[in-house]
Ligand SMILES: *Cc1c(COP(=O)(O)O)cnc(C)c1O
């Protein structure tokens with residue numbers, strides 16, 4: 001099965017042919033999850049002593065399995081944070097897979113790592129990070145947050161001289177921070193010092209200072225265990241951007257690591273119309289951005305950039321007899337996150353940047369921002385809809401005052417089932433509402449107005465729906 005033979009020749013054409021079809025043709029918007037028992041039934045016998053053969057397995061994927069997956073890149077998928085990979089980025093993922101590159105250390109993956117670092121440099125420059133900045137690509141925002149927070153904690157531990165007993169490790173965040181920050185706290189056995197967000201869902205310097213000072217003044221607060229602040233460059237629920245300049249002041253005064261989670265929103269650093277919102281991000285110790293969200297790369301791709309990467313290497317670098325050969329003077333991506341083996345998952349982004357140019361990225365992001373703004377204005381203009389929050393980026397929270405929360409849910413399910421649009425309910429300050437997140441330049445203001453028209457005609461009994 002390792003020899004390239006006639007069957008491989010046939011199969012590769014079938015596989016690449018299918019990849020071309022998937023890349024070039026729209027997916028069916030009604031595709032989505034199926035019951036596990038149904039899928040298990042279809043898969044029965046596929047993993048068996050004799051196997052079923054590549055052609056049959058491919059047919060199974062095409063006919064049953066892929067249609068049981070949501071089309072994340074459909075322009076009418078507006079739920080959570082969808083995806084919009086460029087054709088260039090997606091096609092290059094095939095090349096990355098075909099190349100068997102171990103991109104954990106320079107010695108084995110230099111060519112790929114050098115290209116990934118060009119893409120990271122572009123991101124670092126957008127954030128105003130200095131010459132020495134650098135990092136790595138990880139699976140996504142969750143892995144980036146954990147790796148950055150662990151680095152901040154490690155710096156604090158070394159500063160304290162590895163104290164015994166250990167301090168109660170803790171970092172500050174608002175309730176709007178992504179769930180992965182609280183998950184990281186559990187993994188690290190750290191506590192979260194809650195900072196109240198302002199009316200817009202942002203963390204301000206004043207609120208952080210008050211929370212930090214209260215924490216330090218509380219019993220045991222002087223144990224040195226408060227080590228970091230995790231801020232948001234675009235909260236997932238509302239797209240709110242924190243006040244980085246204010247936060248950086250507080251972090252400088254108290255020696256805290258400032259990590260900016262920009263998994264969703266930091267892509268907009270390349271958009272002149274909102275760049276000013278990120279003022280102060282250049283003072284952070286680290287930031288992350290998910291190219292698989294709003295920078296048009298395929299899954300999975302998260303970028304993590306440190307101002308002073310040596311802190312990350314001190315925390316994450318792995319050592320062992322079998323790693324003695326690693327040249328520590330070179331750039332080894334495995335030093336900058338909790339990972340050793342890694343695919344060169346930043347290469348599709350690099351290839352798409354090289355293919356299309358960074359101006360195309362700027363324009364595409366501006367297009368999505370303009371669409372979100374036009375939609376927000378349309379929601380405000382209509383009598384039957386209400387805008388809950390002026391958007392910072394491309395997330396729009398709105399509601400129809402005439403609808404109960406149950407109506408919202410029923411409409412959302414109905415529209416998804418018919419494949420019209422995927423918009424799911426959330427809540428803002430305890431109030432149930434609907435949420436639209438635009439990351440796809442092919443989503444149009446006209447289509448979004450059409451959704452509002454359709455909502456106005458919809459009724460729970462199905463009378464107004466045009467499924
Ligand atoms: C999506 C998201 C994450 C998690 O990223 P994954 O790539 O899903 O791990 C973290 N933070 C924010 C703000 C996000 O939007």
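The values are calculated or read from the model by the stated rules, or taken from the named source; none is laboratory data. Being a predicted model, the structure only gives us computed values, none of them experimental. Cβ sites come from the backbone with ideal geometry, for glycine too, and all protein chains shown count toward neighbours.
Counting the residues of the stretch 270-288 that are surrounded by 22 or more Cβ atoms within 10 Å (Cβ to Cβ) and within 28 Å of residue 155 (Cα to Cα) gives 7. In the stretch 279-310, which residues are free of Cβ contacts under 8 Å to residues at least 40 places away in the same chain and farther than 18 Å from residue 235 by Cβ? Hits for the stretch 279-310 are 283, 310.
The set of residues in the stretch 263-285 being away from the ligand (no atom under 12 Å from the Cβ) and part of a loop (DSSP other than H, G, I, E, B) consists of 271, 272, 273, 274, 279, 280, 284, 285.
Any residue at all in the stretch 116-124 that is surrounded by fewer than 21 Cβ atoms within 10 Å (Cβ to Cβ), at pLDDT below 95 and more than 25 Å from residue 197 (Cβ to Cβ)? Looking for residues that are surrounded by fewer than 21 Cβ atoms within 10 Å (Cβ to Cβ), at pLDDT below 95 and more than 25 Å from residue 197 (Cβ to Cβ), one finds none in the stretch 116-124, hence no.
Okay, residues lined up against (1) over 19 Å from the mean Cα position of the chain (by Cα); (2) not in a helix (DSSP H, G or I):
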{"residue": "20", "(1), (2)": "yes, no"}
{"residue": "33", "(1), (2)": "yes, yes"}
{"residue": "40", "(1), (2)": "yes, no"}
{"residue": "60", "(1), (2)": "yes, no"}
{"residue": "73", "(1), (2)": "no, yes"}
{"residue": "80", "(1), (2)": "no, yes"}
{"residue": "91", "(1), (2)": "yes, no"}
{"residue": "97", "(1), (2)": "yes, no"}
{"residue": "111", "(1), (2)": "yes, no"}
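When we screen 260, 250, 326 for residues that are assigned to a strand (DSSP E or B) and either within 15 Å of the ligand (Cβ to nearest atom) or more than 21 Å from the chain's Cα centre (by Cα) (or both), the only hit is 260. Of the residues contained in the stretch 163-175, none is found to be touching a helix residue (DSSP H, G or I) at 6+ places or on another chain (Cβ under 7 Å), under 22 Å from residue 306 (Cβ atoms), in a helix (DSSP H, G or I) and within 16 Å of the ligand (Cβ to nearest atom).
Residues of the stretch 180-208 that are away from the ligand (no atom under 14 Å from the Cβ), in a helix (DSSP H, G or I) and over 21 Å from residue 277 (Cβ atoms): 186, 188. If the Cβ limit is 6 Å and pairs must be 6+ apart or interchain, which residue in the stretch 75-93 that is more than 16 Å from residue 25 (Cα to Cα) and away from the ligand (no atom under 15 Å from the Cβ) pairs with which residue that is assigned to a loop (DSSP other than H, G, I, E, B) and at pLDDT below 95? Cβ pairs passing all conditions: none.
Could you please let me know if residue 46 is without any contact (Cβ under 8 Å) to a residue 40 or more places away in the chain and either within 16 Å of the ligand (Cβ to nearest atom) or under 30 Å from residue 329 (Cα atoms) (or both)? Explain how you work it out, then say what you get.
Working: without any contact (Cβ under 8 Å) to a residue 40 or more places away in the chain: yes; either within 16 Å of the ligand (Cβ to nearest atom) or under 30 Å from residue 329 (Cα atoms) (or both): no.
So residue 46 fails the test.
Does the stretch 225-234 contain at least one residue that is surrounded by fewer than 24 Cβ atoms within 10 Å (Cβ to Cβ) and within 16 Å of the ligand (Cβ to nearest atom)? First the steps, then the outcome.
Narrowing the stretch 225-234 to residues surrounded by fewer than 24 Cβ atoms within 10 Å (Cβ to Cβ): 225.
Cutting the leftovers down to within 16 Å of the ligand (Cβ to nearest atom) gives us none.
No, every residue in the stretch 225-234 fails to be surrounded by fewer than 24 Cβ atoms within 10 Å (Cβ to Cβ) and within 16 Å of the ligand (Cβ to nearest atom).
For the structure I just gave you, tell me whether residue 288 is away from the ligand (no atom under 16 Å from the Cβ), outside any helix (DSSP H, G or I) and touching a helix residue (DSSP H, G or I) at 6+ places or on another chain (Cβ under 7 Å).
Values: away from the ligand (no atom under 16 Å from the Cβ): no; outside any helix (DSSP H, G or I): yes; touching a helix residue (DSSP H, G or I) at 6+ places or on another chain (Cβ under 7 Å): yes.
It is false that residue 288 is away from the ligand (no atom under 16 Å from the Cβ), outside any helix (DSSP H, G or I) and touching a helix residue (DSSP H, G or I) at 6+ places or on another chain (Cβ under 7 Å).
Here residue 244 meets the list (1) more than 16 Å from the ligand (Cβ to nearest atom); (2) in contact with a helix residue (DSSP H, G or I) (Cβ under 6 Å, 6 or more places away or on another chain); (3) more than 15 Å from residue 365 (Cα to Cα) almost entirely, failing just condition (1).
For the stretch 144-163, the criterion of a residue being touching a residue at least 40 places away in the same chain (Cβ under 8 Å), within 30 Å of residue 390 (Cα to Cα) and in contact with a strand residue (DSSP E or B) (Cβ under 7 Å, 6 or more places away or on another chain) is satisfied by at least one position.
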